[in-house]
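Here is the structure we will look at.
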Amino acid sequence: MGFSSCPDTGRSRRKSLERIEQENGAQRLKRTLGPLQLTMLGVGSTIGAGIYVMTGTAAANYAGPSILLSFIVAGLACLFTALSYGELASAMPVSGSAYTYAYVSMGEACAWGVGWLLLLEYGISCAGVAAGFSGYAVSLLQDFGIQIPHALTTTTLQVIFDNAGRHISGGGRLDLVGAFSILVVTGLLILA
């Protein structure tokens, strides 16, 4: 009995690596990303804007100088993840990334879950980067004397620290600067 964290719901069909390669060959997807582009894609999706937005707050309020240790631990985790993806990509040289790897190794039900989790991950990280961009853009515009109303740049969910600890505050607000940045990047990706 093999290890599987996905429940057996009757949909645990698996495809063999040979069948995946045949289907991938029929689609004729052309490889256009080289080592440099893949490295930049990995660095960009790993780092994001959070490293610039949260580092000062975390160092000042919680970690102090030991924040360097947390970067080393996170860097090691990223290194092991990159090595794992490299090993999987060399063993299964087909398109599909984590979805395909899960389909071959754990079955259709797990692959379905992995696909949706990837969409959730990209959506949340995109929102975080947009919120970081919004903060920097508003700060830059204020340096040039352009004031944007606070109601148009406030994120929907905020973590507020007070004497009793922290709590999450939610309002009916929308960060229009962040939303506009997402629309601009989406348009550029559609055109590319």
Can you pull out every residue in segment 1-27 that is at pLDDT 65 or above, part of a loop (DSSP other than H, G, I, E, B) and either of a type in the set (D, E, K, R) or closer than 30 Å to Ile72 by Cα (or both)? Arg13, Arg14, Lys15
Residues located in segment 55-110, provided they are hydrophobic (A, V, I, L, M, F, W, C) and outside any helix (DSSP H, G or I): Met92, Val94
Can you name the condition, by its number, that Ser90 falls short on among (1) at pLDDT below 85; (2) surrounded by 11 or more Cβ atoms within 10 Å (Cβ to Cβ); (3) among the polar types (S, T, N, Q); (4) closer than 30 Å to Ile20 by Cα? (2)
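In segment 155-175, is there at least one residue being of a type in the set (Val, Ile, Thr), buried (at least 16 other Cβ atoms within 10 Å of the Cβ) and at pLDDT 80 or above?
no
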Positions within segment 103-148 being farther than 19 Å from Val185 by Cβ and of a type in the set (Asp, Glu), in sequence order: Glu108, Asp143
If I go through segment 93-111 residue by residue, how many of them are of a type in the set (Ser, Thr, Tyr), surrounded by fewer than 16 Cβ atoms within 10 Å (Cβ to Cβ) and more than 18 Å from the chain's Cα centre (by Cα)? 1
Note on segment 116-149: residues within 25 Å of the chain's Cα centre (by Cα), over 13 Å from Ile182 (Cα atoms) and either aromatic (Phe, Trp, Tyr) or crowded, with 16+ Cβ neighbours inside 10 Å (or both) are Trp116, Gly135, Tyr136, Ala137, Val138
Can you find a residue in segment 126-144 that is out of contact with any helix residue (DSSP H, G or I) (no Cβ under 7 Å at 6 or more places or on another chain), over 30 Å from Ile20 (Cα atoms) and not in a helix (DSSP H, G or I)? yes
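The values are calculated or read from the model by the stated rules, or taken from the named source; none is laboratory data. Here the structure is a predicted model, which means the values were calculated and not measured. Don't worry about glycine lacking a Cβ; one is built from the backbone with ideal geometry, like all the others, and counts go over all protein chains shown.
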